[in-house]
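The values are calculated or read from the model by the stated rules, or taken from the named source; none is laboratory data. Not measured: the values here are computed from a predicted model. Don't worry about glycine lacking a Cβ; one is built from the backbone with ideal geometry, like all the others, and counts go over all protein chains shown.
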Amino acid sequence: MKINTGTIRIPIERDNVMVGEIEVNPEDVVFAEKFYGLINELKAKEQEYGERLKGLENSNEVDEYGFPKSAETLIKISREICEYMRKRIDDVFGLGTSDIVFGKANTLDMFSQFFNGLTPYVTNAREKKIGKYLGNRASRRAVMK
């Protein structure tokens, strides 16, 4: 017996070096639910963090050494965002996924790269899966008319 669950393996290249792969099953409804739930959660978090960062990035105040007074707070919030994102990615994609994908790095841009790279895999697979069923329904409706 052979079973194809729809799992795909995505090779991960970090800084021009192949570092491994992650497994994703975009056809799995539990995964899809978690993935789209995470996307919606991230939209809310983006607004929350945006409010916290408002004003800090444009602050021109400097301390006696010439460093921006807001730098420490900006770094702290950025680290909090990175830790939150790594945890949530591991929750959805499996423990250790963040380490495979990002290594030890913690930059805000790497999360955009991850989701921009991953989203086509998920949406294409979901569209094919859903299209298969919608196409069948549309065909049945046309026959019944």
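Yes/no matrix, rows are residues, columns are (1) of a type in the set (A, V, I, L, M); (2) surrounded by 11 or more Cβ atoms within 10 Å (Cβ to Cβ):
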residue: LYS2; (1), (2): no, no
residue: ILE8; (1), (2): yes, yes
residue: VAL19; (1), (2): yes, yes
residue: LYS43; (1), (2): no, no
residue: PRO68; (1), (2): no, yes
residue: GLU80; (1), (2): no, yes
residue: ALA105; (1), (2): yes, yes
Test set (1) in contact (Cβ under 8 Å) with a residue 12 or more places away in the chain; (2) part of a helix (DSSP H, G or I); (3) of a type outside the set (Gly, Ala, Ser); (4) in contact with a helix residue (DSSP H, G or I) (Cβ under 9 Å, 6 or more places away or on another chain) - ASN106 fails condition number: (2)
Can you spot a residue in segment 81-100 that is at pLDDT below 85 and of a type in the set (D, E, K, R)? no
Just the residues that are exposed (fewer than 10 other Cβ atoms within 10 Å of the Cβ), at negative phi and more than 26 Å from the chain's Cα centre (by Cα), please, taken from segment 45-66. ASN58, ASN60, GLU61, GLU64, TYR65
